[in-house]
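Remarks on the structure that follows.
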Amino acid sequence: MELVRPSPAHLDSYVEALRRGWSADTTRQQAADEELSAIEANPEAFLAIMDDRDAAGPPITLPDNSTVPRLPSFRLWMWDGVFCGSIGLRWQPGGPDLPPHCLGHAGYSVVPWKRNRGYATSALAQLCPLASEVGLPWIDLATDVDNVPSQRVILANGGELIEQFDKPAAYGSQPGLRFRIYVGR
Ligand SMILES: CC(C)(COP(=O)(O)OP(=O)(O)OC[C@H]1O[C@@H](n2cnc3c(N)ncnc32)[C@H](O)[C@@H]1OP(=O)(O)O)[C@@H](O)C(=O)NCCC(=O)NCCS
């Protein structure tokens with residue numbers, strides 16, 4: 001499995017995953033349909049948003065449907081001949097701090113039919129040097145308390161548990177765990 005920069009050559013396979021009900025956004029059911037509509041309307045614009053280091057794209061919709069300004073971000077796709085998952089990084093220029101509505105720097109999701117092959121673990125390992133390249137000394141990642149697979153992915157990459165916290169109201173105020181991986185050179 002390699003991480004690829006989303007391109008027209010990868011788009012049909014990505015659309016197939018969306019049609020099967022997978023979404024990179026694990027917090028909003030309707031996200032897959034929204035992405036399918038966006039790709040149908042303007043595939044080039046959709047692909048451009050996958051690498052949006054100037055935060056030029058539209059605002060981000062939170063689980064309660066409120067919107068917040070977009071941060072600089074990019075997404076890469078896991079690819080083993082077909083699309084198998086997505087991993088993304090977002091950050092604030094100038095340092096590792098994040099606004100309270102952004103629970104972590106990195107997020108990932110593997111399509112259900114490609115899980116338990118080590119893909120997320122490998123994707124996060126490949127992302128860490130890229131986080132260092134944008135100037136981050138560490139990345140924070142938030143998981144649900146019961147998301148053991150994601151926690152194992154983080155721990156396998158040297159992550160340390162830093163706190164249990166209550167998610168903001170926009171995320172349902174449920175408890176979460178925050179981990180940190182040091183990526184600085
Ligand atoms: C979390 C997720 C990305 C993991 O992807 P993956 O490619 O299957 O991950 P990996 O194969 O690299 O590693 C999964 C680990 O979880 C373990 N695992 C899987 N299912 C498990 C379960 N039900 N209970 C405990 N451990 C489990 C695997 O054994 C493996 O650990 P190991 O390497 O120590 O054996 C995937 O389950 C997913 O997309 N979930 C939905 C989205 C999500 O939760 N994203 C993360 C948000 S924080």
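The values are calculated or read from the model by the stated rules, or taken from the named source; none is laboratory data. Everything quoted here is computed from the prediction, not taken from an experiment. Note that each Cβ is placed from the backbone with ideal geometry, even for glycine, and that neighbours are counted across all protein chains shown.
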I'd like the residue in the range 150-176 that is surrounded by 15 or more Cβ atoms within 10 Å (Cβ to Cβ) and within 24 Å of T67 (Cβ to Cβ) and, out of all such residues, is nearest to the ligand (Cβ to nearest atom).
G176
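Given the options A55, A38, A32, name the one that is touching a Lys or Arg at 6+ places or on another chain (Cβ under 6 Å) and either at pLDDT 95 or above or surrounded by 14 or more Cβ atoms within 10 Å (Cβ to Cβ) (or both). Give the derivation first.
Working: A38 fails: touching a Lys or Arg at 6+ places or on another chain (Cβ under 6 Å); A32 fails: touching a Lys or Arg at 6+ places or on another chain (Cβ under 6 Å).
Just a single option satisfies the conditions, and that option is A55.
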Could you tell me which numbered condition F165 fails, if it satisfies all but one of (1) of a type outside the set (K, R); (2) touching a residue at least 40 places away in the same chain (Cβ under 8 Å); (3) farther than 23 Å from Y119 by Cβ?
(2)
Residue pairs meeting the criteria (Cβ under 6 Å; at least 6 apart or on separate chains; first free of Cβ contacts under 8 Å to residues at least 60 places away in the same chain, in the range 136-162; second within 9 Å of the ligand (Cβ to nearest atom) and in a helix (DSSP H, G or I)):
L141/I154; T143/S150; T143/Q151; V153/A120; V153/T121; V153/L124; A156/T121; N157/L124
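Every residue, every condition in (1) of a type in the set (S, T, N, Q); (2) within 14 Å of the ligand (Cβ to nearest atom); (3) at positive phi, yes or no:
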| position | (1), (2), (3) |
| --- | --- |
| V82 | no, no, no |
| P99 | no, no, no |
| W113 | no, yes, no |
| S122 | yes, yes, no |
| D144 | no, yes, no |
| V148 | no, yes, no |
Of the conditions (1) in contact (Cβ under 8 Å) with a residue 24 or more places away in the chain; (2) surrounded by 16 or more Cβ atoms within 10 Å (Cβ to Cβ); (3) in contact with a strand residue (DSSP E or B) (Cβ under 7 Å, 6 or more places away or on another chain), R5 fails just one. Which one is it?
(2)
Sole miss for G85 among (1) at pLDDT 95 or above; (2) over 16 Å from S23 (Cα atoms) is condition (2)
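So, F179, is that one of a type in the set (F, W, Y) and either in contact with a Ser or Thr (Cβ under 6 Å, 6 or more places away or on another chain) or within 13 Å of the ligand (Cβ to nearest atom) (or both) or not? Quick ask: steps written out before the conclusion?
Values: of a type in the set (F, W, Y): yes; either in contact with a Ser or Thr (Cβ under 6 Å, 6 or more places away or on another chain) or within 13 Å of the ligand (Cβ to nearest atom) (or both): yes.
Criteria met by F179.
Quick check, is P137 more than 14 Å from the ligand (Cβ to nearest atom) and surrounded by 13 or more Cβ atoms within 10 Å (Cβ to Cβ)?
Details: more than 14 Å from the ligand (Cβ to nearest atom): yes; surrounded by 13 or more Cβ atoms within 10 Å (Cβ to Cβ): yes.
Here the answer is yes, as P137 does meet what is asked.
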